[in-house]
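To start, the structure under review is shown below, and the notes come after it.
The values are calculated or read from the model by the stated rules, or taken from the named source; none is laboratory data. Just so we're clear, the structure is a prediction, and the values are computed from it rather than from any experiment. Every residue, glycine as well, gets a Cβ built from its backbone with ideal geometry; the counts of neighbours run over all protein chains shown. Note: areas computed on protein heavy atoms with side chains; ligands, DNA, RNA excluded. Shrake-Rupley method; radii C 1.70, N 1.55, O 1.52, S 1.80 Å.
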Amino acid sequence: YYSLNNGSSADASGNNYNATSSATTSVNNRLNQANSAFSFNGTSSNVTIAAPTGQTILGNGQNKSISLWFKRSSLTSKGMLVSYQQASPGSWNPLAYIGSDGILRGWMYQGGGAPWTSNIIIDTNWHHLALVYTTNTQTAFLDGNQVATLSGTLIPGASNMVLIGSGHANAIPGISSAGNQPFSGFIDEVRFYNAALTLTEINAIRRSPFLITNQPQNQSICLGGTVN
């Protein structure tokens, strides 16, 4: 879980998948809270998450989800919101990206190179994106509405890096050139789950400005007393 608060790309979940940020700056988030989101410059900015030795981030097993907030810096902004690849580009998946036409697309490798497409031109407002993966289906939810689905057996492989705000790509729909595809805009609250989120859970994340990291302990109190 990457809150991206106060310039930090630490893993707030406690699982120690800490990230390294490059050329990002802190900006206000969707709630107008200062220093609570990252700005990506469209050229050199990225957040790199490297899995601990011997582990992968999205590989192995099924039922996974990704949640994040994003905002384009202009109506011409494009690039990768989140991608998944080996340490050196080659085996890669553009999990979600905005093409030069402004349309949101993406995929986790399913035996072919055709991405899901939302057919929605993204404006310059904040939007919530949730990507949900099961054994043979990947689904994209934008602002709590399902906007795309793609069938095919998921083969995430042994990739060990996730890039936020950047990623390598060959020529694919909406991207005409090969190479690095940095995003120009703002990203916040990036979360990875070892579960396929339901729409109810997605909307709970989308509507909540906070995250419970430790469950409250049971307490007993006399009638009329105060509990914190």
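Things to note:
- Amide H to amide H, with H built 1.01 Å from N, THR25 comes under 5 Å of SER39, counting only residues 5 or more places away or on other chains.
- Normalised contact order of the chain, rounded percent, pairs of Cα under 8 Å and 6 or more residues apart: 26
- Electrostatic tally near TYR1: other residues with Cβ closer than 13 Å to its Cβ, Lys and Arg +1, Asp and Glu -1, net -2.
- Surface exposure of the chain, expressed per residue as accessible area with a 1.4 Å probe, stands at 47 Å².
- Cα gyration tensor, the stretch 139-190 - rounded (a/c under 1.5), prolate or oblate: rounded
- Prolate/oblate/rounded call for the chain, Cα gyration tensor, a/c under 1.5 rounded: prolate
- The stretch 1-110 shape via C-alpha gyration tensor axes, a/c threshold 1.5: oblate
- A full extension of the chain between THR20 and VAL147 corresponds to an added length of 42.6 nm, given 0.36 nm per residue minus the alpha carbon distance.
- Within the accessible area of the stretch 1-145 (1.4 Å probe), percent carbon and sulfur: 44
- Applied to the stretch 170-184, the Karplus parametrisation 6.51 cos²θ - 1.76 cosθ + 1.60 on θ = phi - 60° returns per-residue 3J(HN,Hα) values of 8, 5, 9, x, x, 9, 9, 10, 8, x, 5, 10, x, 8, 10 Hz, with x for Gly and Pro.
- MRE, 222 nm, helices only [DSSP H, n ≥ 4, -39500 (n - 2.57), over the chain, to nearest 500]: -1000 deg cm²/dmol
- Backbone phi angles across the stretch 192-208, fed through the Karplus curve with coefficients 6.51, -1.76 and 1.60 (θ = phi - 60°), yield HN-Hα couplings of 10, 10, 8, 6, 8, 5, 8, 4, 4, 5, 4, 5, 5, 5, 5, 8, 9 Hz in residue order; Gly and Pro are listed as x.
- Using heavy atoms of the protein chains and a probe of 1.4 Å, the accessible area assigned to THR56 is about 30 Å².
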